[in-house]
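Everything below concerns the one structure shown next.
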Amino acid sequence: MNFQQLKIIRESARCKFNLTEVANTLFTSQSGVSRHIRELEEELGIEIFIRRGKRLLGMTEPGKELLVVAERILNDAGNIRRLGDVFSSTDSGQLHIATTHTQARYSLPRVIKEFRALYPRVRLILNQGNPEEIAAMLHSGEADIGIASERLFNDDSVAAFPYYRWHHSVVVPQGHPLTTQKEITLETLSTLPLITYRKGITGRSRVDNAFQVAGLAPEIALSAQDSDVIKTYVELGLGVGILADVSQDTQRDQGLVYLNAEHLFEANTVWLGLKRSQLQRNYAWQFIQLCNPTLTLAEIKEKVFSEQIDQQVLDYQI
């Protein structure tokens, strides 16, 4: 038994049993992956995977138990490699943060400015992506901290901490008829061309669900990945925008009007994620605390290194 075999078991589960993706992730060949799996099964005397011909469909019960052990062993090995950095570089090094465009553009600048004042010798690296990509970067160790929404909260291998709650706003050009209405309704919005986030991005499911529950079919004229793109096309008069209220920029948005929509769509929570049981440099713990000052360093560390407890399942958001 060796680490490469354990990595293959772990990546097989992460890649949904696609051995081509496993091979690409581990920079090896598909035949090499298959050989390692076969040799491990022969050594242990069990079948790890459920098969249909040459295809892997899932994991057997012994395979699922093996996956838990493999995750723990590989994580412990990673912690051993990180020991030197953790205890020798207390105020210098790198901090990799994986986050969405909205967080990088609107919520993080204040935190990063405070962090840089405390740790001027730490080099920050921001990687932007969608929630699936952010979770994958945490799993692989490419990112130290992930910032997204409920995708992180619902991940078994991630310790998640609340960052802040936000609501959707309706945004229109100055002089738009909606600005004269006392209160916006879903019925009114359903008659107008709408510009909002694409599916799976920044609370889009909250928007879709609100219209669905009301029995309405809105016209989504354009969907985009980030708030700035939505605002650009609202300014061009192509439709009414629905976006995160935190994306309001008083300097840039002088030609736009933000209208309250808290009564229309459910609130969203942004979460801070750290990989469970993984050692972090002191400045990583500090970054989490700067984002949420109500947390103590002891509470953060305790959750990261504690056994996972059952969590309430929340809707997938960003």
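Brief remarks follow.
- Qualifying residue in segment 168-183 (condition: in contact (Cβ under 8 Å) with a residue 12 or more places away in the chain, under 30 Å from residue 306 (Cα atoms) and either open to solvent by less than 10 Å² (accessible area, probe 1.4 Å) or touching a helix residue (DSSP H, G or I) at 6+ places or on another chain (Cβ under 6 Å) (or both)): no
- Listed by first and then second residue, the pairs linking a residue in segment 114-138 that is over 21 Å from residue 155 (Cβ atoms) to a residue that is assigned to a loop (DSSP other than H, G, I, E, B), with Cβ atoms under 6 Å apart and 6 or more places separating them unless they lie on different chains, are 119/91; 121/91; 121/92.
- Every residue from segment 144-167 that is open to solvent by less than 30 Å² (accessible area, probe 1.4 Å) and among the acidic types (Asp, Glu): 144, 150, 155
- Among the candidates 191, 202, residue that is surrounded by 16 or more Cβ atoms within 10 Å (Cβ to Cβ) and outside any helix (DSSP H, G or I): 202
- Here is the figure for segment 158-188: residues that are under 16 Å from the mean Cα position of the chain (by Cα) and assigned to a loop (DSSP other than H, G, I, E, B) total 0.
- Flag if residue 54 is open to solvent by 30 Å² or more (accessible area, probe 1.4 Å), of a type in the set (D, E, K, R) and within 21 Å of residue 157 (Cβ to Cβ): no
- Residues within segment 235-249 that are assigned to a loop (DSSP other than H, G, I, E, B) and either within 16 Å of residue 104 (Cβ to Cβ) or touching a residue at least 12 places away in the same chain (Cβ under 8 Å) (or both), tallied: 5
- Every condition in (1) at pLDDT 90 or above; (2) loosely packed, with under 13 Cβ neighbours inside 10 Å is met by residue 251 except one, and the failing one is (1).
- Hey, residue 33 closer than 19 Å to residue 136 by Cα and either among the β-branched types (Val, Ile, Thr) or loosely packed, with under 14 Cβ neighbours inside 10 Å (or both) or not: no
- Residues of segment 260-281 that are more than 26 Å from residue 96 (Cα to Cα) and either surrounded by 16 or more Cβ atoms within 10 Å (Cβ to Cβ) or within 18 Å of the chain's Cα centre (by Cα) (or both): 261, 264, 265, 267.
- Residue satisfying all of: in segment 7-65; small (Gly, Ala, Ser) and in a helix (DSSP H, G or I); farthest from residue 77 (Cα to Cα) among these: 31
The values are calculated or read from the model by the stated rules, or taken from the named source; none is laboratory data. This one's a predicted model, so the numbers in the text were calculated from it and none came from an experiment. We place every Cβ from the backbone using ideal geometry, glycine too, and count neighbours over all the protein chains shown. Areas reflect the complete protein model, heavy atoms only, side chains present, ligands, DNA and RNA absent. Shrake-Rupley method; radii C 1.70, N 1.55, O 1.52, S 1.80 Å.
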